[in-house]
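All of the numbers you see were taken from the coordinates with simple rules; none came from a lab. This is a predicted model, so every value here is computed, not measured. With ideal geometry, Cβ positions are generated from the backbone for all residues, glycine too; neighbour counts draw on all protein chains shown.
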Amino acid sequence: MSSNFGYIDIILLAMIAGFIILRLRSILGRKTGHEDKIYPRFSEKKFEEFRNKQEVKFKKKNSNELEGEEKEKFIKGAEIAYETIITAFAKGDKKGLKNLLTPRMATNFNQAISDREDKGIKSELTFIGMKESSLEKYEKVQDNIFATVKFVSDIISVKKDKNKNVLEGNPDRIKTVTDHWKFSKKETSNSPNWYLAEILPK
């Protein structure tokens, strides 16, 4: 009798084990080896956001244009540079001009200031305000970037001799001036600074 009970126990255990295996397979499914890999932290939305950011960075790096916020910041900086340069030039402030000009332009400005001083001519300038500014051209030449900006501003400009006689301009008259300036910087430079490289003829 005891041997019969042993066989019955084994059969019951086998049936229970088989039932458990069938339940697990129905719940978890059967692995075939061809399933797609699933990563618990993978997010399709996050991947798309990451890819889009990389595409934007790539386009900016290889773009020959300034756009959006980057363009607005550049124009604002160019306006400040314009006012600073013409004011410093009128005052004969060579030191103030040094960090705003390319070496060639710095030489030209310094020579003009020295010639004016040698002749005893004094320049007076009052910057009234910027009426308009726009980016006319943006280009890359070898490892340099050039940006040409159009400025339309209101100023009062007067030149006087050593006896304070007016040689040019009118101290009581505001005049509107239009200039086209070309700024430059190295493409590989990490500095945000641009330098005046050329004043284009009107």
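Quick notes on this one:
- Oblate is the label for segment 72-200, because the ratio a/c of its alpha-carbon gyration tensor axes (a ≥ b ≥ c) is 1.5 or higher and a/b is not greater than b/c.
- With a Förster radius of 35 Å applied to the C-beta separation of residue 115 and residue 176, the computed FRET efficiency comes to 0.85.
- Ranked list, fewest to most other Cβ atoms within 10 Å of each Cβ, for 150, 137: 137, 150
- Here the Karplus relation 6.51 cos²θ - 1.76 cosθ + 1.60, evaluated at θ = phi - 60°, turns the backbone of segment 123-134 into coupling constants of 9, 10, 9, 10, 8, 7, x, 8, 8, 7, 8, 8 Hz, with x for every Gly and Pro.
- Cα→Cβ-extended label distance, 7 Å offset, between residue 20 and residue 98, nm: 8.6
- Taking each residue as 0.36 nm, the span from residue 84 to residue 142 lengthens on full extension beyond its C-alpha to C-alpha distance by 18.0 nm.
- Among the GluC sites (Glu not before Pro) found in segment 110-202, those both in a DSSP coil and sparsely packed, with 16 or fewer other Cβ atoms within 10 Å of their Cβ, are 187.
- Of 95/202; 76/186; 131/160; 98/186, those spanning more than 22 Å from alpha-carbon to alpha-carbon: 95/202; 131/160
- Distance (nanometres) between label positions extended 7 Å along Cα→Cβ at residue 198 and residue 167: 2.9
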